[in-house]
Amino acid sequence: MNKLFALVMLFFGYGLLTASEGNKHVDISVKTEKDIVAPGDSIWVAVIISPKKGYHTYWRNPGDSGLPTVIDWNLPEGIKIVEHKWEIPEKNIDGEITDFIYSEPHVQLYKLAVADNFPISDLKIEFRVEWLVCKTACFPGDKDMILKLKVSDKKPKLNKKFAAYFDNIPQRLEEWGIGATKYSDKIEIRLTKPPGYSEKIRKIEFYPYTELVYDNSAKQNFTDEDGAIVIEIPLNKNFKDNFFNIQGIIVADEYLDAFKKYKAIEINTIFKTF
Amino acid sequence: MKKFIFAALIFGLISVFQSFASDKVEIDKKAPDFTLTDVNGKTHKLSDYKGKIVVLEWINFDCPFVKKHYDSKNMQKIQDEYAKKGIIWLAICSSAPEKQGNFTKDEIKKRIKETGSKMSAYLIDEDGKVGKLYEAKVTPHMYIINKDGVLVYMGAIDSIKSTDKEDISKAENYVKGALDALLNGKMPATKVTQPYGCSVKYK
């Protein structure tokens, strides 16, 4: 019995020793908007990524350094991802290095669509989360997860707390007019305010989805007059390729919608070139 | 009129001088000159290597991305292969004192020996001056300078951003591609890529 106990302890201890350093500093969990999804319907899933205090993970565009958190789904035939959303990150400037990070619990949201003819079933969907977590040093981490999903015609019970996960998600606010002009050394984004918009914006910036094109460290100046906000975004002087649109989010220090819910607009705009 | 001609001459001279010297890093322009001391106390000036192809590799031995390329021997193989073809490979560490990657000279020599590194020199840039001059953001951040002293590549070592050694064989190696092009008398097809790695640990 003592030998067996020793063997178990040895195995357990070995497992602890080989646990990735990166895994120690991030917790992962998953929630769904409802407990059941019907065939032909869709369901929002929140993967909640929680760095421990003092640590951070990265946005889809990590910035000058780091790696985005990647989620790899093993979906069965008949279920597909139709939307994927990231929360607004924090822009972190540390001397010469500018990154887009998350130092607090945050979500990546997925909308899964279920085919009309998907059989009624209880599913266990595997997915893997891989991340880089940093404090003064950085550590890769990963976790294999299971999403339990019930496909059924029965009436679903809604998760009342789920709506809050959308609070920090950039929106396509159609009431704002968005235009962009490309110059040799900068992009100008012009945001035409909706009628009646009266918030005084003190800070507004563009966070790009695309790496390399923009100078993350450069100051973005903006003007707010004549019913429009114009933001100047310096380009990376070493990026010489042609490109025709601008994708990313505009993050402000004030609400941008009439219901005072959202402080970020998602944009994907083709621009005029000078 | 004489004053105008004189002013124009001075202006012209300044412009010509600026085209041959650069204090800011920019692709297809002269690489900024610098002077650093290596781990053995020897001084290296970039301009001393005119006529040679030079690789600059920003390094931090404790960074998981640097470890990916050193633990797998990927970096050493490339260093060795191209050293035999006359390329100068300068590793530069801009980690400030007390920060990750900043080691004593004895520790650096130990790491070089343990990893079997084939760099031409390991240069110490504790105050980060050269790192900031080159706008080095991460480790590893790679720069390639041709025989005329022009910066012809800057960015990642390869195309798959990860800490996973398994990705090395699947990735396109930008540094090898650029060096092969230069050795064949051509310009690199890919000149600028987004580097990936740990942030350089400046002061």
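The values are calculated or read from the model by the stated rules, or taken from the named source; none is laboratory data. Just so we're clear, the structure is a prediction, and the values are computed from it rather than from any experiment. Every residue, glycine among them, receives a Cβ derived from its backbone with ideal geometry; neighbour counts consider all protein chains shown. For the accessible areas, the whole protein counts, side chains as well, though only heavy atoms, and no ligand, DNA or RNA atoms are used. Shrake-Rupley method; radii C 1.70, N 1.55, O 1.52, S 1.80 Å.
Within the bounds of the stretch A:198-206, is there any residue that is free of Cβ contacts under 8 Å to residues at least 60 places away in the same chain, part of a strand (DSSP E or B) and either open to solvent by 60 Å² or more (accessible area, probe 1.4 Å) or not hydrophobic (A, V, I, L, M, F, W, C) (or both)?
no
Which strands (runs of 3 or more DSSP E) sit wholly inside the stretch B:116-188 and have at least 1 residues that are away from chain A (no Cβ under 14 Å) and under 26 Å from B:Thr43 (Cβ atoms)?
So the answer is B:121-124, B:142-145.
Looking at the stretch A:133-146 only, could you name the residues that are in a strand (DSSP E or B) and more than 7 Å from chain B (Cβ to nearest Cβ)?
Taking the stretch A:133-146 as the starting set, the residues that turn out to be in a strand (DSSP E or B) are A:133-134, A:138-146.
Within the stretch A:133-146, A:Val133, A:Cys134, A:Gly141, A:Asp142, A:Lys143, A:Asp144, A:Met145, A:Ile146 meet the criteria.
Every residue in the stretch B:41-64 that is in contact with a Ser or Thr (Cβ under 6 Å, 6 or more places away or on another chain) and surrounded by 18 or more Cβ atoms within 10 Å (Cβ to Cβ), please.
From the stretch B:41-64, those in contact with a Ser or Thr (Cβ under 6 Å, 6 or more places away or on another chain) are B:43, B:45, B:58-60, B:63-64; that's our starting set.
Answer for the stretch B:41-64, where residues must be in contact with a Ser or Thr (Cβ under 6 Å, 6 or more places away or on another chain) and surrounded by 18 or more Cβ atoms within 10 Å (Cβ to Cβ): B:Trp58, B:Ile59, B:Asn60, B:Cys63, B:Pro64.
I want to confirm something. Restricting to the stretch A:96-138 and keeping residues that are farther than 28 Å from A:Lys148 by Cα and of a type in the set (A, V, I, L, M, F, W, C), which single residue is surrounded by the fewest Cβ atoms within 10 Å (Cβ to Cβ)?
My answer is A:Ala137.
Has the stretch A:191-198 got any residue that is touching an Asp or Glu at 6+ places or on another chain (Cβ under 7 Å) and under 18 Å from A:Glu90 (Cβ atoms)?
From the stretch A:191-198, those touching an Asp or Glu at 6+ places or on another chain (Cβ under 7 Å) are A:194; that's our starting set.
With under 18 Å from A:Glu90 (Cβ atoms) added as a condition, the list becomes none.
No: the stretch A:191-198 contains no residue that is touching an Asp or Glu at 6+ places or on another chain (Cβ under 7 Å) and under 18 Å from A:Glu90 (Cβ atoms).
Is there a residue in the stretch B:175-191 that is in contact (Cβ under 8 Å) with a residue 60 or more places away in the chain and more than 14 Å from B:Val54 (Cα to Cα)?
The answer is yes, given that some residue of the stretch B:175-191 is in contact (Cβ under 8 Å) with a residue 60 or more places away in the chain and more than 14 Å from B:Val54 (Cα to Cα).
Can you tell me which residue among B:Ile59, B:Ile88 is of a type in the set (Val, Ile, Thr) and over 21 Å from B:Val200 (Cα atoms)? Before the answer, list the steps.
Numbers: B:Ile59 fails: over 21 Å from B:Val200 (Cα atoms).
After ruling out the rest, the residue left standing is B:Ile88.
Among (1) in contact with a Pro (Cβ under 8 Å, 6 or more places away or on another chain); (2) more than 14 Å from every other protein chain (Cβ to nearest Cβ); (3) at pLDDT below 95, where does A:Asp185 come up short?
(2) is the only condition that A:Asp185 fails.
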